[in-house]
Amino acid sequence: MALLVQKSGGTSLADADGIRRCAARAVAAHLDGHQVVVVTSAMGRTTDDLLALAGRIASAPPRRELDLLLVTGEQVSAALMAMAIHELGVEAVSLPAHGLGLITDPEHCNARIHRIEVDRLRRQLNAARIVVATGFQGITGQGQVTTLGRGGSDTTAVAIAAALGVKQGTGVCEIYTDVDGVYTADPRHVPQARKLDRISYEEMVELAALGAGVLHSRAVMFGQRYQVPIHVRHSTHDEEGTMIVKETPEMERVCVVGCALTPDLGRITIRGVPNTPGVQSIIFKRIAEAGILVDDIIQIEAGITADLSFTVEAPNLADIKVAVQKALLIIGRGEMSIEVALAKVSAVGVGMRTHTNVAAAMFKALGDAGINIANITTSEIKISCIVPREQGRLALRVVHDAFELGRRPQESPRESPREEPALSPRLTEVKAL
C-alpha cells in the first residue's frame, strides 16, 4: 500500500466532467489499496475572475480581504470533488485550511507554510476515507486566512506529501496538469522538444524559475528538501509523465537536459553611483520593498564610482523605475537608463559540473545564427544569455538543436524503471520555505 497525493489543476477541474474524471482517478487508486489525498485548485479561471471582480470593487483591495475572497475558489472545488467521490461509492471528506491544520506565517497573499498538523490527515486516512484538501491556502496561528501566492496549490500538495512522509519507494506526489510532463523546451516554440522521463530537483527548480510553467519552483524546492518524488502527468490520460527525483551520479552523463526562454525583459543600468559599502543595499532594499524580483546583477567598478545593471520582467519596469529613483535620491548621485525588448535563453543540466565545453558550444551556436549576446550569467548547472527579444524564439531553437535535446540519449539513466512504493514513516513538521 502506498500513499498518493494527487493534485489537480484548475483546467482539470473546469467543469463537472473534469471533476468526475479526477474523482474516478482517486477512487481507482483507493480501491487498489492506496491511501489517497486529493489537493484541488479553484475551477477553471475562478481565481482570475475573483481578482477581476475585486479590482472592479476597489482600486487597491486590502490583502487580508483579498485572501478571504480567493480561498472560496478552492473550497468550492474541494466540496464538489468530495461529492463526486461519494457518488462513486467511496467515503471522502473535504478539509479547508483550518480543518487541514495547514499553519502559515501571517504574510497575506504570499504566505509561507510553517507546519501541517498531520494527525488530522492520518485520522481520516486511517478511517479509509479519501481526503480532499484545498490547495493554495492556509491559516495563521491566530486564525487568519492566508494564501500561498503563485504555485500555491502545487506547494500545498508537495508539503502534504512531505508531512505524511512520502519518499521514494513509499508513495508519490502526482501533479495532474494539461501537459504530458516536463519537456526539453516549450514545445509551442520548439516542435522537436522531447518529453523527459526523469529530471533532478535542481534542474527542475532552474527550469521553473526560468519560465517553464509546468510546476512552480517553490513546490519543487519543497520536494527537494524532503526528498518527495513528484510525478508530473496529464490530467486526461494514464500515460507516464515526468518524475522529478533526487540526482544520481549517472545523470551527469547528460550535460544539458533542457532549455528555457524568458521572453520579455528589461535591463536597468545605474551609472556613477559611489563605489562605497552599503550603496547596493540602499538600491536593492527599495526594489525589494516594491516586491520586484531582479536577475542577472552585474557591477563594474570605475575608480571612485561604479555601474550596476540588472534585468527584470517587462511588466515590472514602471514600478522598478520608481524604486530606483527613490534609492538614487538617498544616495545623492547616479543616473538610470532602461533598455527594453530583451529576452533570456538558458541551458540547464547537472552534467555541466563535469562537462567543460557547454558554454563554448552554446555561444558558438548563437553566434553562428547571428544572435548577439548582451549579457551572460552562469551557475553550477545553468548558463543564461540575454539576447534581443525578437530573436528569443530563434535563440531557444538554436540552443535546443546545439545540444541535440530532441534526440533521446542512448541508454540514458533518466529512462530507468521506477520503484513500486510502499507506506511511509511519519513526518509531522514542514519547515517554512
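Would you check if Ala162 is closer than 30 Å to Val256 by Cα, touching a Phe, Trp or Tyr at 6+ places or on another chain (Cβ under 6 Å) and outside the structural domain of Lys382 (by TED's automatic domain parsing)? Yes: the conditions hold for Ala162. The residues listed here are Ala302, Ala327, Ala318, Ala290; of these, the one that is without any contact (Cβ under 8 Å) to a residue 12 or more places away in the chain, assigned by TED's automatic domain parsing to the domain that holds Ile268 and out of contact with any strand residue (DSSP E or B) (no Cβ under 7 Å at 6 or more places or on another chain) is Ala318. For the range 280-325, a residue qualifies if it is surrounded by 17 or more Cβ atoms within 10 Å (Cβ to Cβ) and among the basic types (Lys, Arg), and exactly one does: Arg286. Residues of the range 173-219 that are among the β-branched types (Val, Ile, Thr) and in contact (Cβ under 8 Å) with a residue 40 or more places away in the chain: Ile175, Thr177, Val179, Val182, Thr184, Val190, Ile199.
Determine if the range 141-152 includes at least one residue that is within 23 Å of Arg25 (Cα to Cα) and either buried (at least 21 other Cβ atoms within 10 Å of the Cβ) or not assigned by TED's automatic domain parsing to the domain that holds Leu102 (or both).
At the first step, the residues of the range 141-152 found to be within 23 Å of Arg25 (Cα to Cα) are 151-152.
This time we only want the ones that are either buried (at least 21 other Cβ atoms within 10 Å of the Cβ) or not assigned by TED's automatic domain parsing to the domain that holds Leu102 (or both), so: 152.
Yes: one or more hits.
Would it be correct to say that Ala347 is free of Cβ contacts under 8 Å to residues at least 40 places away in the same chain and crowded, with 17+ Cβ neighbours inside 10 Å? In short, no. Within the range 211-250, the set of residues being among the aliphatic types (A, V, I, L, M), closer than 18 Å to Gly149 by Cα and part of a loop (DSSP other than H, G, I, E, B) comprises Ala212, Val214, Leu215.
Scanning the range 182-210 for residues that are assigned to a loop (DSSP other than H, G, I, E, B), buried (at least 22 other Cβ atoms within 10 Å of the Cβ) and small (Gly, Ala, Ser) turns up just one, Ala185.
The values are calculated or read from the model by the stated rules, or taken from the named source; none is laboratory data. Predicted, not measured: the structure shown is a model, and the values here were computed from it. In this analysis, Cβ positions are derived from the backbone assuming ideal geometry, glycine residues included, and neighbour counts consider all displayed protein chains.
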